[in-house]
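What follows is calculated from the coordinates using simple rules that are stated; it is not laboratory data. Just so it is clear, the structure is predicted and the values come from calculations on it, not from any experiment. Ideal geometry is used to build each Cβ from the backbone, glycine not excepted, and the neighbour counts take in all protein chains shown.
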Amino acid sequence: MKNKIKSPVYSVIAVPIEKIVPNDYNPNVMAPPEIKLLYDSIREDGYTMPIVCYHDKDADRYIIVDGFHRYRVMRDYPDIYEREGGMLPVSVIDKPLSGRMASTIRHNRARGSHDVDLMSNIIRDLHDIGRSDAWISKHLGMDKDEILRLKQITGLAALFRETNFGQAWRPADSEFDAEDDYLLVENLSEPDETK
């Protein structure tokens, strides 16, 4: 029996922008020319896609999962705010924080690029809440090397707790070995007088 999921887009609601807040983990950045282009698009075509939010019922606020820049256009451009009556089209998903982070990354990666430092912070945050490299790989669409590079940027040893390191070198096993190594290096550094 197949799992039947009703896509959230079939239940878009109008939400006052004052009830909508950005998340604090989105690594997606947009340069000013692209923001202006998005504004022009929304001015000319209206909102053609809802923003995706998680509804925090206790605080009665909608936390953005995807669509921060569409939200920003309404927030920053009074003509758009007035035309839309301060209401944004919202598609609601109900997932725990790690699921929302994964959804944000999937949405963004399907469209464009990410700020590397912010992506590294997300990897750190997901590890802090107990997500494994395998979970990150599966849910964020990253391979092991990409996860490793992002971990290296943060420089936090805790992020490498699942990593098995090989031994690229070993200290000398005896004084004799250490002395031989010293003599080898010393001989390499002496000038050759026979030439």
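Going by the alpha-carbon gyration tensor, a ≥ b ≥ c the square roots of its eigenvalues, is region 10-113 rounded (a/c under 1.5) or, if a/c is not under 1.5, prolate (a/b greater than b/c) versus oblate? Judged from the Cα gyration tensor, region 10-113 comes out oblate (a/c at least 1.5, b/c at or above a/b). Between Ser137 and Gln152, the distance separating the two model label sites (each 7 Å from Cα on the Cα→Cβ line) works out to 1.7 nm.
Could you pull out the pairs from Lys19/Lys57; Lys6/Lys95; Lys95/Lys138 whose alpha carbons sit more than 20 Å apart here?
Where the Cα-Cα span goes over 20 Å, no listed pair is concerned, since all stay within it.
In plain terms, the chain from Ala14 to Thr48 could stretch by 10.9 nm, reckoned as 0.36 nm per residue minus the Cα-Cα distance.
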